[in-house]
1. Just counting partner chain Cβ atoms within 10 Å, what average do the residues of peptide B:372-383 show around their Cβ?
2. Residue A:64 to residue A:30: FRET efficiency via 1/(1 + (r/R0)^6), r the Cβ-Cβ distance, R0 30 Å, to the nearest 0.05?
3. Obtain the nm distance between the two label points defined at residue A:199 and residue A:410 by a simple spin-label model: each point lies 7 Å from its Cα along the Cα-to-C-beta direction.
4. How do A:66, B:51, B:103 rank when sorted from fewest to most other Cβ atoms within 10 Å of their own Cβ?
5. Can you give the relative contact order of chain A as a percent, counting alpha carbon pairs under 8 Å and 6+ residues apart?
6. Using a basic spin-label model with each label point 7 Å from the Cα along Cα→Cβ, how many nm lie between residue B:287 and residue A:480?
7. Considering every residue in B:425-431, what mean count of other chain Cβ atoms within 10 Å of its Cβ is obtained?
8. Once you put a point 7 Å from the Cα of residue A:44 and another 7 Å from the Cα of residue B:167, both along the Cβ direction, what distance in nm separates them?
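What follows draws every value from the coordinates through simple rules; no lab data is involved. All figures in this text were calculated on a predicted structure; none of them were measured in a lab. Ideal geometry is used to build each Cβ from the backbone, glycine not excepted, and the neighbour counts take in all protein chains shown.
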């Protein structure tokens, strides 16, 4: 079984969606239980990755490779390193929570909702496993279909606009990557990522390819100025859709930078690192201010996601300045590690924030901050979790939000104190927008009579929030296991940064 | 004097001619209520033809009737898929035709004659055979389009098709006569050699241009696309399915025979022209499709854009490019039959289901049909893992390989623009509520449901396992 562990992880949820669909709208409970079973099984299977994968070894492990298209030499190639394992675990973890979270909330065609979620989960795992660029692209794009459906059917009033924007934006970014990949294939005769990483390329070629990759991944992350689809998509998406989008899908952008931009076009990445760093800082500072003025909770968290993802791209590209400019590999590793920890942490924190907003929305059917106030008086348990996640979102030490950001700021200080200064702004702005929202939603007098009627979280909601809370605190207090898991892979990546291709 | 070998080489075509004549006779002597027999018999006839094509396929290309007729790998693959699509089309439209009082034997026999035209055309070894095959195909198609002769729309479409088609045939013949004047031969193999040794080929090039116009018309590539929207909309859906599938394969075969087998050495000249046709088709097809409200017209403009992508493959003018274009033609034929198949399945007496709004809330009414249509739409849009994506991927690769990166980028940009109107169809089916007071009943014809489901699911299956088909396409174009 362990020889095909990765394939199982990808296909179990996708194939599992078929019985869920067959259960049909007539038996919604059967559909729910089957999908929960599939999600739990997938999670349990993914735990075996921890025993089967050797974190001390930086190479790709648990590999599977079959000739997919003989006449083109395209392989169905899967393998994982520490970074992929961490992201897959995040995916399967969130996979259970969105199924549980949607249990009674989704009343309209629950079987289709659950099936779309499961298919999406399988495809996202596929993205993190693929070692063949074409296979990666197939998973990367196929992901859009279930997400399109999820937002479009179960979303809010402007869902059609949001979902079309989401699909077209992402497709626009990635099709140029496809052209770039074909170019690389014609040059290298293979789509294998390791082969492409070893392919010598001139600076001009690298530059074009760099921007093709940037187009694809910057939209996905999303970076300023192509982030505008995200607030729309988040606001209109159902809670589960928002959770998956923020917790996992955005990470795929950061992951793409690691797998494509860094190894394949290192010299162009170095030359244009300032572009990415600049855009990341704009995301951290400017988008932070944008988040401050939002009146819609989901929009606020969406903008805060853009700001937090800025740390991921900053951490990845600051490494270039450190390795190649200052020759400081240790600091580069710190930055890269910070970016990775930030990815996982943001997965938990943003997922938790959107789940909290979902809890509120299910009761009052409003996401406007002004409709709430004094929620703590009627929902004390909810208030506890909400404050915890808000603290994590603003980067309080002891929560997962602190670790990654701190590492990235430390690393960037060694590259250029000014960059660190701007990045550190997040500590103030992040706290400002998050805590101000908490203040307006939780504290104060109950002014809205409907708020007074709200009931505290039930067992199902508590399960979701406790799971997220456990992850957030565990990662904040003791990040060592996660760092250890990714350590050798990050070292290998940093080492790779030093390789010139021209 | 033709000998027995010539006859054997042409056996599938000769068999079909005989079978079609018998069906015609049978139909004349049969009572209308026995027409079911004719229906199943026609399907059997086509399936046997597929068997004859595959089983009699020679190892090496062979020529018959003094080189007039060629039987090679390209012809085999095109014939198999053309016949397959006709077999699928035969299964489905029984109730659709009956509801419109069009359930007549001519539907079957005309379509068999049309597919014989396709088979002749793709096997042509001589300019005369090209013309013969083309005329047999188009004349049968004109009649098929006009099948619903009481409908003004249908008759108008047929007349438009006929007039423009005749014009295109004239152009093609004119081009052929110039080519004959320049090289003194009609045989494609001889022409290939002669074209390589003509000093200043002005006359030849003029002839080539006229032939390309003919090809452009058959493909429906812009600016020779005018007939496509009207014919697609005006023809009964059962006929539109046909127009959108087998003739596209034939048009690829015709382009391959004329341009590669005949004028392969002039590829540097025709590459540029095809590139221009490709860009125009991509632009007009995708941009005009955005504003369509009629689903059949939308698919017609989508066809035009797809022919643009097919041309990206032909522009490569090498074995890899032809393989990708052939792959594209096959994928388009499968997508076309599935798309129009769904439209036909949702139509009923007095209701055509041809406006995009008619699909509103389909997911509530018939989730399975909505799912199938969604597969088709995402495949047409070129979203992986569906078949259409890999076809697009291959033609883009062919264009880049030919050194036309700019053309590939144009193709990519128009893929994004095209995405919008395919998504709109999915949106209407899944996100909109059904219009009150309208009902949407599926035709309860199990055979049609089965074939349609298989057709649409094949887009997913072939998307996951497109290797063998690509291998087959590549194997027929030796490098």
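1. That works out to 2 on average.
2. 0.35
3. In this crude label model, residue A:199 to residue A:410 measures out at 3.8 nm.
4. The fewest-first ordering by Cβ neighbours comes to A:66, B:51, B:103.
5. Reported relative contact order: 16 percent.
6. Taking the simple label geometry, residue B:287 and residue A:480 are separated by 6.5 nm.
7. Per residue, the number of nearby Cβ atoms from other chains is 5 on average.
8. 7.0
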